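One structure is given here, and the rest of the page talks about it.
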Amino acid sequence: MEREMMDFCYEDLGTSISTDGNINGDNFCLLNLLSSSKSKKQWMTEYFIKPPVKITLNFSHPIRLSQITFNCKVENQVSSIYEIYHLNESRLIAKSCVNSEQRKLNNTFLRSNASHGSAEEHFYLKETIKGIVFIIRKTLSSSNIPCVAHLQVWGRLHCSNDDYLRLKRVWLNLNSEQKSKCETQNNSLVFYGSESSESDNKFSNESAISIDKKEIKKDTNLPSEFLDGITFERMNIPMILPSGNVVDKSTLDRHIFEESKWGRAPSDPFTWKLFSERSKPIFDSSLKTRIDTYVLRDSMPTKRKFLGEEFLEQSHDFIQHIGEDCLNCGENHILYRMPCRHLICQACVQIFSKDIDCSKCSKSFPRSVLTRYHFVSNKRFCLKK
């Protein structure tokens, strides 16, 4: 049985990392490259360090190398030529070059199972290795300093079954943590290839319209353009793929996560072509607007909407129609109901310092017993306690 692909750039998997001397830049410790936090996985040298710079990775057990991925840009620093050697530097495994026309290149992929391509893109290695030497030969300009980010070394363990099962459990735990973080940030709309900053989060959890599927009645007349191209469920965040198909962001995230388990880069689930800076998923804002309009217009009578700390229940036991205005001034804006079922507006409530007096039935009530009225579809509804 083929063993599972793993990314060995994690300290928890027993990998160690070192370089020549203390050349780390401020807040860019070399151990960041082995961190379990994706936001920390970047490294650069001190400003006065010039290439070449050598980084040595030692694995706890021999592995069969499959793929190496990394980001050549950290903040404003860009490195342009990378070389990967065997642990003793006796043999060159792979080489990657970034020219001046590719400044915006985010990821460089070095695959062991590639069947075609230039030597700068692929490498061919059959034997197992116990470590690699990662060398930054050149920066994009003389003012840049050596850097690397999001380094990943994918492969399969070549060890005893006991050691494999132990490391596999650690790997699965790391995966589950990454997945939980991904689900937590699912509504932040940070798409493939974008920077995760506050300015990019055009929508937030507060502004997004999210309705529990269990509370929505099945709509057989749902327009086909609202359906996910893979799951055939209504989309919440539609994404246009390079192939022209449209899927929900949660479906795309799940596809990318499952592919990453096997060391595969993010790709189009329909064509399997890898995403790039010029070919990547795009958020369809116009379709999102049409979906939200449809949900609000056609589905509101069948749903439960969250209003403050109470719910508006669509049933005869909880809702009754009210057709009166404020009994004092006739105003119908921000109304409250008294236990005697008469209405009073907010302005009139503020007139009373303590108890509220009903001018119609001559009764007094404390402020705490007032119930707020809500407006839905130009009708006033009251929540019964």
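The values are calculated or read from the model by the stated rules, or taken from the named source; none is laboratory data. Everything quoted here is computed from the prediction, not taken from an experiment. FYI the Cβ positions are ideal-geometry reconstructions off the backbone, even for glycines, and counts take in every protein chain you see.
Working carefully through the options 110, 140, 125, find the one that is farther than 23 Å from residue 7 by Cβ and either in the same structural domain as residue 168 (by the TED database) or modelled with pLDDT of 90 or more (or both).
Just a single option satisfies the conditions, and that option is 140.
How do the pairs read when you match residues in the stretch 343-368 that are in a loop (DSSP other than H, G, I, E, B) with residues anywhere that are of a type in the set (A, V, I, L, M, F, W, C), using Cβ under 7 Å and keeping only pairs 6 or more apart or on different chains?
Listed by first residue and then by second, the contacts come to 355/365; 359/327; 360/327; 361/340.
For the stretch 262-287, name all the residues that are surrounded by 12 or more Cβ atoms within 10 Å (Cβ to Cβ), over 22 Å from residue 154 (Cβ atoms) and under 18 Å from the mean Cα position of the chain (by Cα).
281, 282, 283, 284
Output the number of residues of the stretch 128-178 satisfying the condition of being part of a loop (DSSP other than H, G, I, E, B) and in contact with a Ser or Thr (Cβ under 6 Å, 6 or more places away or on another chain).
Restricting attention to the stretch 128-178, the residues satisfying the condition of being part of a loop (DSSP other than H, G, I, E, B) are 128, 140-146, 158-160.
Cutting the leftovers down to in contact with a Ser or Thr (Cβ under 6 Å, 6 or more places away or on another chain) gives us 140, 145-146, 158.
Counting residues in the stretch 128-178 that are part of a loop (DSSP other than H, G, I, E, B) and in contact with a Ser or Thr (Cβ under 6 Å, 6 or more places away or on another chain) gives 4.
Taking residue 104 and the conditions (1) touching an Asp or Glu at 6+ places or on another chain (Cβ under 8 Å); (2) modelled with pLDDT of 60 or more, which numbered condition does it fall short on, given that it satisfies the others?
(2)
Of everything in the stretch 332-349, what is of a type in the set (S, T, N, Q) and either in contact with a Ser or Thr (Cβ under 6 Å, 6 or more places away or on another chain) or at pLDDT 80 or above (or both)? Give them in sequence order.
Keep residues of the stretch 332-349 that are of a type in the set (S, T, N, Q), which gives 332, 346.
Across the stretch 332-349, the qualifying residue is only 346.
Let's see how each residue does on (1) modelled with pLDDT of 85 or more; (2) not in a helix (DSSP H, G or I):
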| site | (1), (2) |
| --- | --- |
| 202 | no, yes |
| 205 | no, yes |
| 209 | no, yes |
| 218 | no, yes |
| 236 | yes, yes |
| 242 | yes, yes |
| 255 | yes, no |
| 280 | yes, yes |
| 289 | yes, no |
